[in-house]
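To keep things clear, I will list the structure first and then write my remarks on it.
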Amino acid sequence: MENRSEIFDVIVVGAGIMGSSTAYQTAKRGKKTLLLEQFDFLHHRGSSHGESRTIRVTYPEEYYPKMVLESEKLWEEAEAEVGYKVYFKTSQFDLGPSDNKSLQATISSCQKNRIPVRVLDHNQVHEELSGKFQLTEDWIGVVTEHGGVIKPTKAVSLFQTLAIKNGASLRDNMEVVDIKKDDSEDAILVCTRNDQRFWGKICIVTVGAWMKRLVEKVSGLTLPIQPLETAVHYWKIKEGHEAQFMIDSGFPTFASYGEPYIYGTPSLEFPGLLKIAVHGGHPCEPDERTWAASPSALTALKEWIQSKFGDLIDSSGPVVRQSCMYSMTPDEDFVIDFLDGEFGKDVLVAGGFSGHGFKMGPVVGRILADLAIEKQAKYVELKHFSIKRFEGNSKGNAKDFDDQVNSVG
């Protein structure tokens with residue numbers, strides 16, 4: 001598809017949740033949009049596949065809750081437009097030692113963002129959740145109503161469907177190997193491994209775990225984004241207790257603070273199973289993964305399940321395992337910025353979503369469309385996501401609490 005007479009307004013590289021939602025946003029605003037994907041659409045080799053993702057507003061950083069609240073609305077708007085659901089609501093339950101800095105910062109963040117939050121002692125947790133969680137006296141529970149589950153593969157398909165409906169062109173098996181300024185066309189030239197060339201006024205790069213490699217190739221800039229290989233586990237609910245862990249019964253999405261940080265979702269996609277996983281993984285190259293779980297993470301999970309759920313969940317071992325990747329920055333904050341340099345404001349990058357970005361896919365798409373079209377984004381402070389935050393400071397944004405993602409050798 002080489003046609004010099006055809007210049008797209010926007011070319012989006014990478015058709016995971018971020019790229020697909022961005023293509024939808026730009027196409028919906030009347031921009032001639034092309035979305036490129038290096039593998040098959042809806043593949044399982046990156047970070048946007050699988051059966052469930054958590055949505056929550058409980059963040060120790062004060063700048064994420066508003067983004068999640070906007071995303072909740074955008075998820076619902078997209079569902080209404082396409083005609084089916086991908087977002088299933090429930091409450092969010094956070095738990096941890098009462099002196100955990102991240103958990104205390106999360107409570108403060110909710111309060112500053114005027115998000116109703118209830119802090120419960122271990123006895124109140126037992127009563128609130130009918131004894132399903134077993135907390136010791138030095139642990140607390142934090143309950144908010146903004147929780148839920150998103151079905152990721154279905155959600156990516158939703159945005160691709162809406163992008164096409166709004167006039168976008170989609171092409172898969174198009175691995176982008178170079179992005180250049182083409183002064184003769186006053187455009188950005190995007191080149192693929194199979195010798196296809198596309199021209200666009202703006203290029204937006206959302207290639208997940210492949211971000212560092214591609215950006216370094218096209219600009220010489222090394223973004224501090226490290227892919228991690230992680231595993232998601234499903235555990236069998238013991239017979240007779242299945243109904244009380246279902247999302248329809250009001251069981252919450254949950255997160256346990258400490259070492260390691262553990263999260264889970266209600267029984268939804270696999271009847272009789274509960275998703276419980278360690279929020280972390282081991283460094284990898286995206287094309288050279290082991291597809292194996294960390295033994296230490298599995299041991300920690302078994303111990304946590306036994307201590308928190310007792311005889312309600314079979315902690316002897318998971319019955320389903322799925323592999324995924326995170327794209328980690330040193331501060332676990334996103335990278336959303338213009339590439340600048342020779343590209344000026346014509347190339348945008350969005351990556352480093354650090355294992356917690358999927359829920360905010362709709363708002364990231366909105367922000368990227370704003371930046372591509374207007375050169376500025378509304379309703380969000382982007383300084384936290386700037387590339388320049390790493391200049392002379394390899395750790396990025398300063399935090400007063402511990403990292404949540406655990407990276408093991």
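The values are calculated or read from the model by the stated rules, or taken from the named source; none is laboratory data. Just so it is clear, the model here is predicted, and its values are computed rather than measured. Cβ placement follows ideal geometry from the backbone for every residue including glycine, while neighbour counts extend to all protein chains displayed. Accessible surface is based on the protein model in full, side chains and every heavy atom, while ligands, DNA and RNA are left aside. Shrake-Rupley method; radii C 1.70, N 1.55, O 1.52, S 1.80 Å.
Could you work out what % of the accessible surface of the chain is carbon and sulfur, using a 1.4 angstrom probe and leaving DNA, RNA and ligands out of the count? Provide the component values of the computation, followed by the final result.
Numbers: 7860 of 16720 Å².
Of all accessible area on the chain, carbon and sulfur atoms account for 47 percent.
What share of Cα pairs, in percent, lie more than 25 angstrom apart in region 1-132?
So the portion of pairs separated by more than 25 Å is 47 percent.
Which sequence of 185, 76 reflects their accessible areas, 1.4 Å probe, from the largest down?
Ranking 185, 76 by accessible area, largest first, yields 76, 185.
Based only on Cα atoms, what Rg/Rh ratio does region 165-209 have, Rh being taken as Kirkwood's radius?
Working: Rg = 11.4 Å, Rh = 11.7 Å.
Result for region 165-209 is an Rg/Rh of 0.98.
Explain nothing, just compute: Karplus ³J(HN,Hα) = 6.51 cos²θ - 1.76 cosθ + 1.60, θ = phi - 60°, for every residue of region 113-122 in order, whole Hz, x for Gly and Pro.
With the stated coefficients, region 113-122 comes to 8, 6, 9, x, 9, 10, 9, 10, 7, 5 Hz.
Starting from the Cα coordinates of region 48-102, work out the convex hull volume and express it per residue in Å³.
115
Pairwise over distinct Cα atoms, reciprocal of the mean inverse distance: report the Kirkwood radius of region 237-280 in Å, one decimal place.
10.9
Rank 361, 50, 351 by mean-square fluctuation in a GNM of the chain with C-alpha springs under 10 angstrom and give only the top-ranked residue.
Per the Cα network of the chain with a 10 Å cutoff, 50 tops the list.
Give me D for region 92-243 in µm² s⁻¹, whole number, from Stokes-Einstein with Rh from the Kirkwood sum over alpha-carbon pairs, 20 °C and 1.002 mPa s.
103
On a 27 Å Cα-Cα criterion, which of the cross-link pairs 28/345; 345/378; 212/275 come out too long?
Exceeds cut-off: 212/275.
Return, for the Cα atoms of region 187-239, the radius of gyration and Dmax in Å, separated by a comma.
Taking only Cα atoms of region 187-239, I get Rg and Dmax of 18.1, 61 Å.
Find the eigenvalues of the gyration tensor of the Cα atoms of region 76-129, then list the square roots of 5 times those eigenvalues as equivalent ellipsoid semi-axes, largest first, in whole angstrom.
Equivalent ellipsoid of region 76-129: 30, 16, 9 Å, largest first.
Please give the per residue accessible area of region 122-204, computed with a probe of 1.4 Å over protein heavy atoms only, in Å².
Accessible area per residue, region 122-204: 45 Å².
How far apart, in nm, are the 7 Å Cα→Cβ label points at residue 374 and residue 108?
In this crude label model, residue 374 to residue 108 measures out at 3.2 nm.
Rg and Dmax in Å for the chain, alpha carbons only: what are they?
So, for the chain, Rg and Dmax equal 21.2, 70 Å respectively.
With a cut-off of at most 16 other beta carbons within 10 Å, and DSSP calling the residue loop, which GluC sites (Glu not before Pro) in region 277-382 qualify? Please list them.
288, 381
Can you work out the Karplus-derived ³J(HN,Hα) for every residue in region 264-280? Use 6.51 cos²θ - 1.76 cosθ + 1.60 with θ = phi - 60°, whole Hz, and x for glycine or proline.
x, 10, x, 5, 8, 6, 10, x, x, 10, 10, 7, 9, 8, 7, 7, x
Kindly provide the Kirkwood hydrodynamic radius of region 195-322 in Å, to one decimal, from all pairs of distinct alpha carbon atoms. If you can, show how the numbers build up before the last one.
Details: mean 1/r = 0.0582 Å⁻¹.
Hydrodynamic radius (Kirkwood, Cα pairs) of region 195-322 is 17.2 Å.
Where in the chain are the helices, taken as whole DSSP H runs, whose Cα atoms extend 15 angstrom or more along the long axis and whose Kyte-Doolittle mean reaches at least 0.5?
Those that pass (Cα extent of 15 Å or more, hydropathy at least 0.5) are 152-165, 361-374.
May I ask you to work out the translational diffusion coefficient for region 69-173 at 4 °C, viscosity 1.567 mPa s, via Stokes-Einstein with Rh from the Kirkwood sum over Cα pairs, reported in whole µm²/s? Please list the in-between numbers first.
Working: Rh = 16.4 Å.
The diffusion coefficient I find is 79 µm²/s.
If you take the beta carbon distance between residue 39 and residue 321 as r and set R0 to 22 Å, what does 1/(1 + (r/R0)^6) give as a FRET efficiency, to the nearest 0.05?
Result of the calculation: an efficiency of 0.55.
Can you tally the net charge around residue 51? Count Lys and Arg as +1, Asp and Glu as -1, for every other residue whose Cβ sits under 11 Å from the Cβ of residue 51.
+3
With contacts defined as alpha carbon pairs under 8 Å and 6 or more residues apart, what's the relative contact order of the chain in percent? Intermediate values should be presented prior to the final figure.
On the way: 925 pairs, mean separation 90.7, N = 409.
Relative contact order for the chain comes out at 22 percent.
Taking amide hydrogens as modeled 1.01 Å from N in the peptide plane, which residues meet the under 5 Å criterion relative to residue 320, leaving out close sequence neighbours?
234
So, R0 is 60 Å and r is the distance between the beta-carbons of residue 239 and residue 98; what FRET efficiency does that work out to, to 0.05? Walk me through the numbers before you get to the answer.
Numbers: r = 34 Å, r/R0 = 0.57.
For R0 = 60 Å, the calculated efficiency reads 0.95.
Rank these by accessible area, largest first, 1.4 Å probe: 373, 150, 140.
373, 140, 150
Can you pull the percent of Cα pairs in region 267-403 with separation above 27 Å? The partial results should precede the final answer.
Working: 3724 of 9316 pairs.
Counting pairs separated by more than 27 Å, the tail of P(r) holds 40 percent.
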